[in-house]
1. Specify which of the listed residues (93, 55) is surrounded by 12 or more Cβ atoms within 10 Å (Cβ to Cβ), of a type outside the set (Gly, Ala, Ser), over 18 Å from the mean Cα position of the chain (by Cα) and at pLDDT 90 or above.
2. What number goes with the only condition from (1) surrounded by 15 or more Cβ atoms within 10 Å (Cβ to Cβ); (2) modelled with pLDDT of 80 or more that residue 131 does not pass?
3. Mind listing just one residue for me: the one in segment 159-176 that is aliphatic (A, V, I, L, M) and assigned to a helix (DSSP H, G or I) and, of those, nearest to the chain's Cα centre (by Cα)?
4. Restricting the search to segment 100-123, which residues are under 22 Å from residue 158 (Cα atoms) and open to solvent by 30 Å² or more (accessible area, probe 1.4 Å)?
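The values are calculated or read from the model by the stated rules, or taken from the named source; none is laboratory data. The structure presented is a predicted model; accordingly, all values stated were derived computationally and were not measured. In this analysis, Cβ positions are derived from the backbone assuming ideal geometry, glycine residues included, and neighbour counts consider all displayed protein chains. Keep in mind that these areas ignore ligands, DNA and RNA; they rest on the heavy atoms of the full protein, side chains included. Shrake-Rupley method; radii C 1.70, N 1.55, O 1.52, S 1.80 Å.
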Amino acid sequence: MKSASDLVNFRLDTDQFQIFKISSKDGLTIDKLSTLVQFEQTVPDICYLQVGSNDVGKISKDRIVDSIIAFAEYLLFGVGIRRVIIGQLLRRDPKLVKYNEMVIAVNVKLEEKVKTKNENIVFWKHRGFWKDYSHLGRDGVHLKNPKHKGKLGSSSPMHKYWRSIRNSLILHSKTLM
């Protein structure tokens, strides 16, 4: 196991990869994104977006998809980021049937729309989170945390998710070279 602080840069070479984390205390929504993004000196080559799940059920799937795509285009053309990776939304508690149906609908529409946009906007499918709901914590929303506080076990759902994001960064950095 590694401590969470060891994983801040996804254990990637800091000379090649510099990770900027954008998060919000009370749940990141699409409307908050533009206020959180500020690159003062260094514009990253790649941006990984995991956003939209807190908007499901509050705004239409079309608005969620259009807003995510518009933000990705802003990052490409307005900020100068070379590649934007949009992460697949994950389902929540199985009792939230309507929520989960909308997550699937958003993912389908987002994947379709990304294919028609600039080739530097890509949709990333997380593997291993669709067979069942065993990856969810007690709240039915967040991924299970490792048993040891401050540690990230290699078999934990959070570590699997972390590896998925890391893999997307590695794969898409190779296509930029």
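1. On the way: 55 fails: over 18 Å from the mean Cα position of the chain (by Cα).
Being surrounded by 12 or more Cβ atoms within 10 Å (Cβ to Cβ), of a type outside the set (Gly, Ala, Ser), over 18 Å from the mean Cα position of the chain (by Cα) and at pLDDT 90 or above holds for just one of 93, 55, which is 93.
2. If we test residue 131 against (1) surrounded by 15 or more Cβ atoms within 10 Å (Cβ to Cβ); (2) modelled with pLDDT of 80 or more, just (1) comes out false.
3. First, the residues of segment 159-176 that are aliphatic (A, V, I, L, M): 165, 169-171, 176.
In the following step, the residues that additionally are assigned to a helix (DSSP H, G or I) were identified as 165, 169-171.
Numbers: 165: 7, 169: 11, 170: 15, 171: 15 Å.
Result: 165.
4. Across segment 100-123, the qualifying residues are 104, 123.
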